[in-house]
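The values are calculated or read from the model by the stated rules, or taken from the named source; none is laboratory data. None of these values were measured; they are calculated from a predicted model. Cβ coordinates were reconstructed from backbone atoms using ideal geometry, including for glycine residues, and neighbour counts include every protein chain displayed.
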Amino acid sequence: MITVENLSHHFELGKRGNQTRIPVLHDISFEIKQGEIVTIIGRSGSGKSTLLNLISGFIRPIAGDIFITDTNVTKFNETQFADFRLDNIGFIFQNFQLIPSMTAFQNVELPLILKGLSEKERKKITDETLKRVGLEAYHTHYPSELSGGQQQRVSIARALVLNPPIILADEPTGSLDSETEADLLNFIQQLNQEMGITFLIITHDKEVANIGNRSIEIQDGRLVQGGSAS
Amino acid sequence: MTGKDKFRFVRQNMKKSKMRIFMTVLASAMACTFLIVLASVGFGLHQTVLRDVMEEDAINEISIYGTEDEDGQYRNINKEDVEYFRSLDDVRAVSTLIYLNQQPEYIVDTHHIHANTRVSEFFGEEQAGIQLEAGELPSAANEIIVGYHFLQNLSPIETDEDVEVYDENGNILDELRYTEDIIGQTVSFTIEKYMGDDEFESKVFEAVITGITEQPAREWVEDTTVYITEEMLASIESYTETTKGNIYPEEDEYEQYYTGYDDVYLYSHSLPHVEALTTQLQDEGYYVYSVASQLKEINILFNIAKAGLIFIGTIAVLIASIGIYNTMTMAVTERAPDIGIMKAIGASPKTIKQIFLLESTYIGLLGALFGTIVAYIISYSVNFIIPLILEGVYGEPLPDGLKFSAIPWTLVVIAVTICLIVTIISGSRPAKKATKIDVLKAMRREI
Ligand SMILES: Nc1ncnc2c1ncn2[C@@H]1O[C@H](COP(=O)(O)OP(=O)(O)O)[C@@H](O)[C@H]1O
Ligand SMILES: [Mg+2]
């Protein structure tokens, strides 16, 4: 489903001519099969987010290739990557990333709008999805009127609404208390089992890492464990 | 994302900063109004002048008043020229007039008048579509038609010395006018001939009136002309033994001036034909006058003036566009986090760009719409109020149809196009900036 080959990345800081290079990822290779839940663990600053951002196309790698559903996404231009994300990848972010001026319904509906679906279809799918995450009573609530756990469920609904084969999550429980965290982890497992969605989840929390089929560990930008599927 | 959704999105976004959008629309509306009202003066005066010119002469008419012979000498238009004109494709009809070289006295029963006499080949007039006030064109050699004012200028032949014939305006008093139906009446007129040694001889001719010409376009023109046939001219000439019924025998060396037609009018199908024909005949050495050639110059002059006014107006629109640029830049900055999220979940740069371009275009369009409406209101007010003021100043009414400001649809199209182009240009940089927003920075609220 996701194959990363010899991926390396560094950032350049400072003005031109006086740049310092910050190496972040060194020669990372791993593979994730369809239907797996894989967690990426590692200390803060080890390069986990950078790895996920590379897979998402938010930044472009210095070297190496990334294949998602057998497509080499590193060759994509921005528009191609955007379309690809819309069709194939759902995102769950640590701080939810909901649009504050939109209601829960509108936030979840957004990918469907981008996809160009008709209003009727959108209403039906959005209703279903909100119901799925248990927010059928919160359609007209704005993010500021929802608890952290509810906001995260809105963002999950948004990630699910176009039925993507893959969901990427960067520290999804980072802003949640332990009880909501457990709920969320259960829900992820449920989605994985019922819908066969492949999950790639970043965490620095060993407990969260336990929900996965396996963990990939990164230390100082190097993959130290779990590179190949078992 | 469908166009409809983009538009709804834009509407939602605009609602979030109503005041700012309102001020921006106001500025572009004012600029658009300024542009239209300014240029409308050019359009209005142009229309007024054109109307004036069109009223004066028939628009499809070309007047030809001579040409040059082989030696470069001026000569009148002759029969061969007219035949040539008739052979041209663009020429619909040719009418000719020969001026009789004396002004005979016409007598109808008890009344008489001294009238100019013109010779016409009436079939040319018929082709040209001459309109008669009454009656019909002559069909026999001794038939004539008379000018519109012929009848009312017929004065009684015999009156008592002390009876006043004319009123204070110089018109013949009603009770002394000829009251019979003039059509079908027999007219007699006297042609004179010089016999030498201060001796004159004269002969009376007779003709029947079959029609009355239409009222002249200009109110102040008095037309008492009598139009006779070529055959009648021939019999007059055979009596006077001169061309065109000259009382005195001519001198041969001036032949090119007194032979040929005095007036020749070509009629074409439409203005472009007239223009083409005018140029062609000028190139062939004919002396030509047409309203079209005059119109061309008027049009060039006014088009330059209008372009100048539109240019000045465009400067106002450019100034307003700074406002749009500013508004859109702020909108992009404010919405950067949202844009970042949208890009992250799969909005393409193109979609983002289109949304912002749509917003600036919408602002421009609203501005142009309100601007146009206000411009129309101002234009009507100007056309209503300025004549009142001028009449107050000069103390007499202004001529009808005087227009200071006119807004034809072409001006609206030009102004709206300018507004839209300028807003799209001023909105394109902020829109481009929106597409360049870095997803990660935006989601970290770093923009
Ligand atoms: N945009 C950036 N510019 C410069 N350095 C960055 C940038 N993003 C991340 N880094 C650096 O890369 C390293 C890895 O960061 P990150 O991938 O966020 O780690 P993690 O998610 O594992 O905590 C850190 O040292 C961080 O300072
Ligand atoms: Mg991180």
* Would you mind finding the one in B:346, B:340, B:285 that is at positive phi and within 13 Å of chain A (Cβ to nearest Cβ)? => B:346
* Asked: Scanning for something exposed (fewer than 13 other Cβ atoms within 10 Å of the Cβ) and of a type in the set (A, V, I, L, M), does segment A:11-18 turn up at least one residue?
  -> yes
* **Number of the condition not met by residue A:24 [criteria: (1) in a strand (DSSP E or B); (2) more than 12 Å from ligand 2 (Cβ to nearest atom); (3) surrounded by 17 or more Cβ atoms within 10 Å (Cβ to Cβ)]** => (2)
* Mind telling me which of the residues A:71, A:39, A:103, A:79 ends up being away from ligand 2 (no atom under 16 Å from the Cβ), of a type in the set (Val, Ile, Thr) and more than 14 Å from chain B (Cβ to nearest Cβ)? => A:71
* Give the residue that is nearest to residue B:261 (Cα to Cα), with candidates limited to residues of segment B:105-126 that are part of a loop (DSSP other than H, G, I, E, B) and touching an Asp or Glu at 6+ places or on another chain (Cβ under 8 Å). => B:121
* Working only within segment A:212-227, note down all residues that are touching a strand residue (DSSP E or B) at 6+ places or on another chain (Cβ under 6 Å), surrounded by fewer than 22 Cβ atoms within 10 Å (Cβ to Cβ) and part of a loop (DSSP other than H, G, I, E, B). => A:213, A:226, A:227
* Specify which of the listed residues (B:295, B:277) is assigned to a helix (DSSP H, G or I), in contact with a helix residue (DSSP H, G or I) (Cβ under 7 Å, 6 or more places away or on another chain) and surrounded by 14 or more Cβ atoms within 10 Å (Cβ to Cβ). => B:295
* Asked: Looking at A:66, A:113, which is the one that is surrounded by 15 or more Cβ atoms within 10 Å (Cβ to Cβ), more than 16 Å from ligand 2 (Cβ to nearest atom), in a strand (DSSP E or B) and among the aliphatic types (A, V, I, L, M)?
  -> A:66
* To do: May I ask you to list the residues in segment A:181-222 that are more than 17 Å from residue A:153 (Cα to Cα), at pLDDT 85 or above and within 16 Å of ligand 2 (Cβ to nearest atom)?
  => A:200, A:202, A:203, A:215, A:216, A:217, A:218, A:219, A:220, A:221
* **Counted residues, segment A:82-93 - those being out of contact with any Pro (no Cβ under 8 Å at 6 or more places or on another chain) and either in a strand (DSSP E or B) or more than 9 Å from chain B (Cβ to nearest Cβ) (or both)** => 1
* Structure fact -> How many residues of segment B:379-432 are assigned to a helix (DSSP H, G or I) and more than 17 Å from residue B:31 (Cα to Cα)? The answer is 22
* Structure fact -> Pairing a residue in segment A:1-18 that is within 9 Å of residue A:30 (Cα to Cα) with any residue that is within 16 Å of ligand 2 (Cβ to nearest atom), where Cβ atoms lie under 6 Å and the two sit 6 or more apart in sequence or on different chains, gives A:4/A:28
* **Qualifying positions in segment A:82-100 - within 16 Å of ligand 2 (Cβ to nearest atom) and of a type in the set (A, V, I, L, M, F, W, C)** => A:91, A:92, A:93, A:96
* **Residue selected from segment A:43-60 under the condition assigned to a loop (DSSP other than H, G, I, E, B) and near ligand 2 (Cβ under 9 Å from one of its atoms), by the criterion farthest from the other protein chains (Cβ to nearest Cβ)** => A:46
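Tell me which residues, restricted to segment B:107-148, are more than 25 Å from residue B:94 (Cα to Cα) and either among the β-branched types (Val, Ile, Thr) or touching a residue at least 40 places away in the same chain (Cβ under 8 Å) (or both).
B:107, B:108, B:109, B:110, B:111, B:112, B:113
Got a number for residues in segment A:27-42 being assigned to a loop (DSSP other than H, G, I, E, B) and either in contact with a Phe, Trp or Tyr (Cβ under 9 Å, 6 or more places away or on another chain) or free of Cβ contacts under 8 Å to residues at least 12 places away in the same chain (or both)?
Of the residues in segment A:27-42, 1 are assigned to a loop (DSSP other than H, G, I, E, B) and either in contact with a Phe, Trp or Tyr (Cβ under 9 Å, 6 or more places away or on another chain) or free of Cβ contacts under 8 Å to residues at least 12 places away in the same chain (or both).
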* Structure fact -> Listed by range, helices (runs of 4 or more DSSP H) wholly within segment B:1-104 having at least 2 residues that are farther than 30 Å from residue B:118 by Cα and more than 14 Å from chain A (Cβ to nearest Cβ) are B:18-56
* **Single match in A:153, A:122 (criterion: touching a Leu at 6+ places or on another chain (Cβ under 8 Å), crowded, with 17+ Cβ neighbours inside 10 Å, basic (Lys, Arg) and away from every other protein chain (no Cβ under 12 Å))** => A:153
* To do: May I ask you to list the residues in segment B:142-175 that are buried (at least 19 other Cβ atoms within 10 Å of the Cβ), part of a loop (DSSP other than H, G, I, E, B) and either in contact with a Phe, Trp or Tyr (Cβ under 7 Å, 6 or more places away or on another chain) or at pLDDT below 80 (or both)?
  => B:154
* Structure fact -> Flagged in segment B:415-447 as within 14 Å of chain A (Cβ to nearest Cβ) and of a type in the set (D, E, K, R), in numbering order, are B:432, B:436, B:438, B:441, B:444, B:445, B:446
* Asked: Among all residue pairs at least 6 apart or on different chains, which show Cβ distances below 9 Å where the first residue, located in segment A:49-70, is over 14 Å from residue A:198 (Cα atoms) and the second is among the basic types (Lys, Arg) and within 13 Å of ligand 1 (Cβ to nearest atom)?
  -> A:54/A:60
* Asked: Residues in segment B:396-409: is at least one closer than 17 Å to residue B:35 by Cα, free of Cβ contacts under 8 Å to residues at least 24 places away in the same chain, loosely packed, with under 12 Cβ neighbours inside 10 Å and hydrophobic (A, V, I, L, M, F, W, C)?
  -> yes
